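Chemist: Starting off with a structure, shown below.
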2 protein chains.
Amino acid sequence: MTTASICTIGDEILIGQIVDTNSSEISRELGALGIKISRMISIGDDHDEIIDTLVKELKNNEIVVTTGGLGPTKDDITKAALAELSGSTRYVEHEAQLSKIHEILSARGLDVLDINRQQAMVPDTCEVILNKWGTAPIMVFRFPEERFGHPATLYSMPGVPFETTNALPDVVEDIRSHNTLTSIYHKTVMTYGMAESALSKKIEAWEDALPEDMHLAYLPSPLTGVRLRLSIYGGNKEDEERRVDEQIAKLKDILGDLIYSERDDTLENAIGNILKKTGKTLSAAESCTGGEISHLLTTVPGSSSYYLGSVTSYAIPVKEKVLGVPASTIREHGVVSSEVAAAMAEGVRKLTGSDYSVATTGFAGPGGGDERYPEGTVWVGVSTPKGTFTKMFQYHNDRKRNIQRFAASALHFLLQNMEK
Amino acid sequence: MTTASICTIGDEILIGQIVDTNSSEISRELGALGIKISRMISIGDDHDEIIDTLVKELKNNEIVVTTGGLGPTKDDITKAALAELSGSTRYVEHEAQLSKIHEILSARGLDVLDINRQQAMVPDTCEVILNKWGTAPIMVFRFPEERFGHPATLYSMPGVPFETTNALPDVVEDIRSHNTLTSIYHKTVMTYGMAESALSKKIEAWEDALPEDMHLAYLPSPLTGVRLRLSIYGGNKEDEERRVDEQIAKLKDILGDLIYSERDDTLENAIGNILKKTGKTLSAAESCTGGEISHLLTTVPGSSSYYLGSVTSYAIPVKEKVLGVPASTIREHGVVSSEVAAAMAEGVRKLTGSDYSVATTGFAGPGGGDERYPEGTVWVGVSTPKGTFTKMFQYHNDRKRNIQRFAASALHFLLQNMEK
């Protein structure tokens, strides 16, 4: 089958000041075409290292996609290395990219500088895919069979994640039209509320009985729960889909409502889909989660049709004054309690007039907490037309991770209490 | 100088379902020790590929750190590959890790299963660093000089990011105590409000005059602005610090208040530091940013001492009823307007009694916007004891990126209007 290697170029990734999100995006898109990613590599802004690495990857793969190293500033040297690698001694101006550079910079009220104009110059050995989202053109180098023992293509993409994401469909289209690809089939189901090891025990017999050519992966995430992904490479596409779907049907019998979605999904998206379908509305009251729940809910495009808003009541007077939580409830039960979670949920539901609401109060750490409810404890309240429900969750993580777990647990508890 | 390679093992990264955040963390910590990261590699759960890759990296580096491939479930095969690579034919139980496994699982109310117990079994060729944060032990394989041409050490760490982060100091301590390390010095300054290319033009003369052994990197991020990082590897530590600091002093003369921090920092942290110092408080009112500002502010440990809370008013009635934005203001000026941003900021400041407040109203997309204010426009309001100020920002990104840019622009505008 066709294999690809993804290389990021740039000291900024290698020294750890930014996280590489491009490679996983490119990998997902190429995987969907049935291309197997053999490896991902990050190397620094070093001429020889760039050439050595790319030669090796081009020998081992039909496709190499690089990102980064193309910025206008002086720390980027990828283009010169690619010129050398492809035997170019002459740069040519790409007119359409130059127009795009003018268009982008003038929309931002910026002058077009020499260093911007130079971005439209490319080695004469490459084809260009216009980068409609940024200033650096996408360069495509097609190497004949005699160079690396097989026909090989190198795509050089910009490293800014926003540009990579948006330019990727054009690169994918070029790959699709230039290769004869074998098929692949993945199916993902989303579970929440059971740890990876317990889940694996629960489905052990099913997993052991899987056909040899099927591969199961456990992909745990604090925000979405454990994703289970079943894959087959190669073979006949319809046949694979049917065979995977049969196995997933058996899995659903075992896991029941631990599964909240039968595609690669998020809790906030699953909630949004139900609200869109039922025409109901939602609000949130957050203490320890500090806006994370609201942030997650509003990352869903179209969320303004069902999400009315939230109150983040970090300070106690805000809980009392804005959400109407009685001072006596806080005094008697403590600010982290089932009673306060319920009062917050009811308060924000009344304030916004929403059908549903979700509320959190807890100790995210570091510090805080007491004997009854140590750091890592959250009480979640969910208020619905059928009544108000509360549930406690306990985690043992650092602050950021606790906030994520709290928010995800709250969204899952909301999902369980919604009319589907 | 000592070099290291970082390898992540696991199909989940290679097929792009999760993003590798471990490598950048490990890189930062090793970089601080003066170790140069030569490359980062991600490979799949494939026995031969694991062994081939690790042998090559051990030949080229004194240190190799792997993450991942150690989970209790069936898709992980790293431990067997490491046993083979190190010539082990026998597994031994690590008692302290087994106790930790019992402790962690029982705290979560889970049974200790066979697959959990197996995690405490390690090849007899390795030393173990206790993983206090998870169930998989950290394995350390020390190879003598004759094996790879130089003494080489392989650290195998778990891949769960929370565990990697927390276990990393123990690995770093082992590396520090077993190596004679050369020095490195990085200094980072944070800028906001100028694009990378314009910034590079502005500091061109300064950059051209840098000594040859200094390296400047531009690290743009939508949430923090452009980081400028100046580095020197090798040499005498105090000398390097002084030389870098001299250059940074010159840079400050050129950039002035485009610099908001002289260390690797974030806007929310810089704001928090001022509020802690001055004893003032803050609140937020968010429309299009949907909780992102509140979320960013509350990721800062100790933020509860100055951050009172926020209202996310996605729906117009919430703006009117909770924040007290007059219906006439919305009718006359539109919901995305300087006037509504000001009224939201004043409303939440009054509601919470905070000293400062920040508010956003805009069109994050997709869709929305009008002729006057297209998709990508945000009005930011900041209310302070000295008055209320507003500013408009325009971006041309997708929804998630616009939300990030809006939130960061709002935080920067707040910072500019705070008493330092």
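Chemist: Please label the shape of chain A as rounded, prolate or oblate, based on the square roots a ≥ b ≥ c of the eigenvalues of the alpha-carbon gyration tensor (a/c under 1.5 means rounded; beyond that, a/b larger than b/c means prolate, else oblate). Walk me through the numbers on the way to the answer.
Modeler: Working: a/c = 2.51, a/b = 1.67, b/c = 1.51.
Prolate, since a/c reaches 1.5 and a/b exceeds b/c.
Chemist: Work out how far the C-alpha atoms of the stretch A:267-416 reach from end to end along every principal axis, then list the three figures in whole Å, largest first.
Modeler: Over the stretch A:267-416, Cα extents along the principal axes are 43, 31, 23 Å.
Chemist: Before rounding to the nearest 500, sum -39500 (n - 2.57) across all DSSP H runs of length at least 4 in the protein assembly as shown and divide by the residue total; then give [θ] at 222 nm in deg cm²/dmol. Each step should come with its number before you reach the end.
Modeler: Working: 34 runs with 344 residues, N = 840.
Value at 222 nm, helices only, nearest 500: -12000 deg cm²/dmol.
Chemist: Something else now. Determine the principal axes of the Cα atoms in the stretch B:84-154, then give the extent along each, sorted from largest to smallest and rounded to whole angstroms.
Modeler: Principal axes ranked by extent give 49, 22, 14 Å for the Cα atoms.
Chemist: Relative contact order for the stretch B:214-335 using alpha-carbon pairs under 8 Å, separation at least 6, rounded to a whole percent? Don't jump to the answer; show the numbers that get you there.
Modeler: Numbers: 102 pairs, mean separation 19.9, N = 122.
In percent, rounded to a whole number, it is 16.
Chemist: Additional query: Report, ordered by chain and residue number, the aspartates and glutamates lying within cross-link reach of B:K386, taken as a straight Cα distance under 13 Å and ignoring same-chain residues fewer than 8 apart.
Modeler: Result set, ordered by chain and number: B:E346, B:D355, B:E419.
Chemist: What is the gain in length, in nm to one decimal, between A:I77 and A:K350 on full extension, counting 0.36 nm per residue of separation less the C-alpha to C-alpha distance? The partial results should precede the final answer.
Modeler: Working: separation 273, 0.36 × 273 = 98.28 nm, distance 5.89 nm.
Roughly 92.4 nm would be gained on extension.
Chemist: Moving to a separate point now. Multiply the residue separation of A:K59 and A:E419 by 0.36 nm, subtract the distance between their alpha-carbon atoms, and state the gained length in nm to one decimal.
Modeler: On the way: separation 360, 0.36 × 360 = 129.60 nm, distance 5.56 nm.
Full-extension gain reported as 124.0 nm.
Chemist: Ranking B:S338, A:S27 by Cβ neighbours within 10 Å, fewest first, what do you get? Intermediate values should be presented prior to the final figure.
Modeler: On the way: B:S338 18, A:S27 23.
The order, fewest Cβ neighbours first, is B:S338, A:S27.
Chemist: For label points placed 7 Å from Cα toward Cβ, what is the shortest-first list of nm distances from A:I248 to its copies?
Modeler: Those separations, rounded to one decimal, come out as 5.2 nm.
Chemist: So for the stretch A:3-178, averaging the separation of alpha carbon pairs under 8 Å that are six or more residues apart and normalising by length, what relative contact order in percent results?
Modeler: Details: 315 pairs, mean separation 41.1, N = 176.
Value for the stretch A:3-178: 23 percent.
Chemist: Report the paramagnetic label zone for A:E262: residues of the stretch A:385-420 whose backbone N is under 12 Å from a point 7 Å from Cα along the Cα-to-Cβ axis.
Modeler: Those under the cut-off are none; the list is empty.
Chemist: Could you tell me the calculated FRET efficiency between B:A249 and B:M194, based on Cβ-Cβ distance and R0 = 22 angstrom, to the nearest 0.05?
Modeler: Working: r = 20 Å, r/R0 = 0.89.
It comes out at approximately 0.65.
Chemist: Taking only C-alpha pairs under 8 Å that are 6+ residues apart, what is the relative contact order of chain A in percent?
Modeler: Details: 801 pairs, mean separation 45.1, N = 420.
About 11 percent, as a whole number.
Chemist: A further question on this structure: For A:Y91, go 7 angstrom from Cα along the Cα-to-Cβ vector, then report the distances to that same point in the other copies in nm, smallest first.
Modeler: A:Y91 label point versus its equivalents elsewhere: 5.6 nm.
Chemist: Return the distance in nm (one decimal) between the two label points of a simple spin-label model at A:Q118 and A:K202, each offset 7 Å from Cα along Cα→Cβ.
Modeler: My value for the distance between the label points is 5.8 nm.
Chemist: How far is A:A209 from the same spot in each other copy, in nm, shortest first, if each label point sits 7 Å from Cα toward Cβ?
Modeler: With the label placed 7 Å along Cα→Cβ, A:A209 yields 7.7 nm.
Chemist: Could you give the distance between the Cα centres of the stretch B:99-125 and the stretch B:158-220, to the whole Å?
Modeler: Cα centroid to Cα centroid, the span is 37 Å.
Chemist: Could you identify which residue out of B:G68, B:G31, B:G367 has the top mean-square fluctuation in a GNM of chain B using Cα springs shorter than 10 Å?
Modeler: Ranking B:G68, B:G31, B:G367 by mean-square fluctuation puts B:G367 first.
Chemist: Also, I was wondering about something else. Where a ≥ b ≥ c are the square roots of the eigenvalues of the C-alpha gyration tensor, would you call the stretch B:3-178 rounded, which needs a/c under 1.5, or, failing that, prolate if a/b is larger than b/c, or oblate?
Modeler: Details: a/c = 1.45, a/b = 1.36, b/c = 1.06.
It comes out rounded by the Cα gyration axes.
Chemist: Moving on. Which longest run of chain B has no exposed loop site in it, a site being GluC sites (Glu not before Pro) in a DSSP loop with at most 13 other beta carbons within 10 Å, and the site itself not part of the run?
Modeler: The longest uninterrupted stretch comes out as B:1-211.
Chemist: How far is it, in nm, from the label point at B:R28 to the one at A:H396 when both lie 7 Å from their Cα along the line to the Cβ?
Modeler: 2.5 nm
Chemist: What shape does the stretch A:290-338 take by its C-alpha gyration tensor, where a ≥ b ≥ c are the square roots of the eigenvalues and a/c under 1.5 counts as rounded, a/b above b/c as prolate, and the rest as oblate? Show your work: numbers first, answer last.
Modeler: On the way: a/c = 3.21, a/b = 2.62, b/c = 1.22.
It is prolate, given that a/c is not under 1.5 and a/b is the larger ratio.
Chemist: Additional query: What are the semi-axes of the equivalent ellipsoid for the protein assembly as shown, taken as the square roots of 5 times the Cα gyration tensor eigenvalues, largest first, in whole Å?
Modeler: On the way: eigenvalues 334, 247, 155 Å².
Calculated on Cα positions only, the semi-axes equal 41, 35, 28 Å.
Chemist: Hey, got the average number of other protein chain Cβ atoms within 10 angstrom for residues in A:353-360?
Modeler: 1
Chemist: Pairs B:K250/B:K276; B:K321/B:K391; A:K280/A:K420: which are spaced more than 19 Å apart, C-alpha to C-alpha?
Modeler: Numbers: B:K250/B:K276 29 Å; B:K321/B:K391 24 Å; A:K280/A:K420 11 Å.
Flagged as over cut-off: B:K250/B:K276; B:K321/B:K391.
Chemist: List the lysines whose Cα sits under 27 Å from the Cα of B:K100, skipping any in the same chain fewer than 8 residues away.
Modeler: Filter leaves A:K201, A:K202, A:K400, B:K74, B:K79, B:K132.
Chemist: Taking all pairs of distinct Cα atoms, average 1/r, flip it, and tell me the Kirkwood hydrodynamic radius of the stretch A:184-261 in Å to one decimal place.
Modeler: Numbers: mean 1/r = 0.0782 Å⁻¹.
Kirkwood hydrodynamic radius for the stretch A:184-261: 12.8 Å.
Where a number appears in this text, it was derived from the coordinates with a stated rule and is not lab data. This is a predicted model, so every value here is computed, not measured. Ideal geometry is used to build each Cβ from the backbone, glycine not excepted, and the neighbour counts take in all protein chains shown.
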